[in-house]
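Peer 1: Here it is, the structure in full.
The values are calculated or read from the model by the stated rules, or taken from the named source; none is laboratory data. Here the structure is a predicted model, which means the values were calculated and not measured. Positions of Cβ are generated from backbone atoms using ideal geometry, with glycine treated the same way; all protein chains shown enter the neighbour counts. Heads up: the accessible areas ignore ligands, DNA and RNA and are worked out on the full protein's heavy atoms, side chains in. Shrake-Rupley method; radii C 1.70, N 1.55, O 1.52, S 1.80 Å.
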Amino acid sequence: MIGTRRWLGVAAAVALCLAPMSTAQASAGRPADVGTDALTAMHDEAFAAAQYLAYGEAASRAGRPGVAALFRRTAADESSDHFAAEAALSGFVGSDVANLQVGITGESQDLTDYDRWATEAAADRCPAAAELFTEVRRDEAGHLARYATAVEALVDPASGVTVPDPPAVEPVAVVPGPAKCAPRTTANLQSAMQGEAFAWAKYTLFAKHAAAAGRPRLAALFNGAGQMELREHFVGEANLAGLVADVPGNLRISIAAETQAMAMYGAAAQRAAQAGDAAAAALFRQIRGDERSHREAFLAALNNLTGSTG
Ligand SMILES: [Fe+2]
Ligand SMILES: [Fe+2]
Ligand SMILES: [Fe+2]
């Protein structure tokens, strides 16, 4: 099931994300169902975008530049378009200080989760995962400390505290292959990947907000942390979880994911319409149409590929 969209699986994460948010960030006055559907969809979009970027890199390495470009374009639709539109719909982005506090809450939760996952990976005799989880936990502690300092700098400009430099990112190469660990640790890797993809997507939006507010150092901090979530943490976990297969396999997984996304957006549009939120219903319907186009493009690429090689 790796690589398919897991609507139910993110429900708990969505509840956690809603909890620490300010009222303004939670739903922007929309019906509760719409707020929940938008946030659930954002988790899904972030995961799809990160997954397609990994598939794009693998296609590029496999000498399939056309397929690589398709994956990259689709990833941009999911993140810059769908995720961003749903964030705007639900009022997800707040003030720079509120965004930092959302980051701090997420990173604090990561410390607890990664601690447990590292212990379980060691018990599951998967030292590579235990090592990765421990290393990621150290990085998250660094993000947490930087964000705490940035809050100080913003809240009390007279303190002399400045927004810290972003962390240095050392991208991990995508390696196709099967899952490397026992089922429990593989499931933990999947949960971790979902969190990393969402963190990347939300920090990217927070960076845009900071840049627009005239805070380039804060924008650089959010972008740097986001790139580490995506290019080090997500990819490192994906390599151990067996997220990436060969190019036709990745296309098949993506076709299934887009089919599930269409069903989800159809249901979300219906709920929004029933709740009297015409704007949300229209957005969900429009995204459903985009997912259909993605599915068709992936199908065409797969047919082209199997036709040319088989
Ligand atoms: Fe999407
Ligand atoms: Fe991370
Ligand atoms: Fe899509």
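Peer 1: If you add up the charges near LEU240, with Lys and Arg at +1 and Asp and Glu at -1, over every other residue whose beta carbon is less than 14 angstrom from its beta carbon, what do you get? Each step should come with its number before you reach the end.
Peer 2: On the way: positive: ARG125, LYS180, ARG184; negative: GLU120, ASP124, GLU131, GLU135, GLU196, GLU232, GLU237.
Result for the local shell: -4.
Peer 1: Place a +1 charge on the Cβ of each Lys and Arg in the stretch 95-245 and a -1 charge on the Cβ of each Asp and Glu, then give the dipole magnitude about the Cα centre in debye, rounded to the nearest 20. Show your work: numbers first, answer last.
Peer 2: Details: 12 positive and 19 negative charges, 57 e Å.
Dipole about the Cα centre, nearest 20: 280 debye.
Peer 1: While we're looking at this one, here's another question. Which distance in nm do the two modelled labels at ASN304 and ASP165 give, with both placed 7 Å along the Cα-to-Cβ direction?
Peer 2: If labels sit at ASN304 and ASP165, their model points lie 4.3 nm apart.
Peer 1: Obtain the nm distance between the two label points defined at GLN286 and ALA211 by a simple spin-label model: each point lies 7 Å from its Cα along the Cα-to-C-beta direction.
Peer 2: Taking the simple label geometry, GLN286 and ALA211 are separated by 2.2 nm.
Peer 1: Could you look at the stretch 95-245 and say what percent of its accessible area is carbon and sulfur, using a 1.4 Å probe and all protein chains?
Peer 2: Roughly 57 percent, rounded to a whole number.
Peer 1: If you take the alpha carbon radius of gyration of the chain and divide it by 2.2 N^0.38 Å, what ratio comes out, to two decimals? Can you show the working numbers first?
Peer 2: Values: Rg = 19.3 Å, N = 310, 2.2 N^0.38 = 19.5 Å.
That ratio works out to 0.99.
Peer 1: Towards the positive end of the charge dipole of the chain, with charges on Cβ (+1 Lys, Arg; -1 Asp, Glu), say which of ALA219, ASN99, MET193 has the farthest Cα.
Peer 2: Of ALA219, ASN99, MET193, it is MET193.
Peer 1: With 10 Å bins from zero, work out the P(r) of the stretch 252-310 over every alpha carbon pair and list the percent per bin.
Peer 2: Bin by bin from 0 Å, the calculated values are 25, 38, 22, 11, 4, 0.
Peer 1: Could you size up the charge dipole of the chain around its Cα centre, putting +1 on the beta carbon of Lys and Arg and -1 on that of Asp and Glu, and report it in debye to the nearest 20? Don't jump to the answer; show the numbers that get you there.
Peer 2: Values: 25 positive and 34 negative charges, 133 e Å.
With Lys and Arg at +1 and Asp and Glu at -1, about 640 debye.
Peer 1: Moving on to the next point. To the nearest Å, what is the center-to-center distance of the stretch 43-92 and the stretch 235-280, using C-alpha atoms only?
Peer 2: Going from one Cα centre to the other spans 11 Å.
Peer 1: Which order do you get for LYS202, LYS180 if you rank them by accessible area with a 1.4 Å probe, largest at the top? Don't skip to the answer; put the middle values down first.
Peer 2: Numbers: LYS202 15, LYS180 110 Å².
From most accessible down to least: LYS180, LYS202.
Peer 1: Ignoring everything but the protein chains, give the 1.4 Å probe accessible area of GLU170 in square angstrom, nearest 10.
Peer 2: Around 140 Å² of this residue is reachable by solvent.
Peer 1: What is the sum of charges, Lys and Arg at +1 and Asp and Glu at -1, for the other residues whose Cβ falls under 15 Å from the Cβ of ASP96?
Peer 2: Values: positive: ARG146, LYS202, LYS208, ARG215, ARG217; negative: GLU152, ASP156.
Once all neighbours under 15 Å are counted, the net charge is +3.
Peer 1: I need the shape label for the stretch 181-310. Rule: rounded when a/c is under 1.5, else prolate if a/b > b/c, else oblate, with a, b, c from the alpha carbon gyration tensor. Walk me through the numbers on the way to the answer.
Peer 2: Working: a/c = 1.75, a/b = 1.08, b/c = 1.62.
Cα axes put the stretch 181-310 in the oblate bin.
Peer 1: Quick check: with the 1.4 Å probe, what order do ARG252, ARG215 take by accessible area, largest first? Provide the component values of the computation, followed by the final result.
Peer 2: Values: ARG252 130, ARG215 95 Å².
Ranking ARG252, ARG215 by accessible area, largest first, yields ARG252, ARG215.
Peer 1: Another question, if that's okay. Per residue, how much accessible area does the chain show when a 1.4 Å probe rolls over the protein heavy atoms, in square angstrom? Mind dumping the intermediate values first?
Peer 2: Values: 12830 Å² over 310 residues.
Result: 41 Å² per residue.
Peer 1: Moving on to the next point. Report Rg/Rh for the stretch 95-245, rounded to two decimals, where Rg is the Cα radius of gyration and Rh the Kirkwood radius. Can you show the working numbers first?
Peer 2: Details: Rg = 16.2 Å, Rh = 15.8 Å.
Ratio of gyration radius to Kirkwood radius for the stretch 95-245: 1.02.
Peer 1: About the Cα centre of the stretch 54-146, what is the dipole size in debye to 20, counting +1 per Lys and Arg Cβ and -1 per Asp and Glu Cβ, all else neutral? Mind showing how you got there, number by number?
Peer 2: Numbers: 9 positive and 16 negative charges, 80 e Å.
Taking the Cα centre of the stretch 54-146 as origin, the dipole is about 380 debye.
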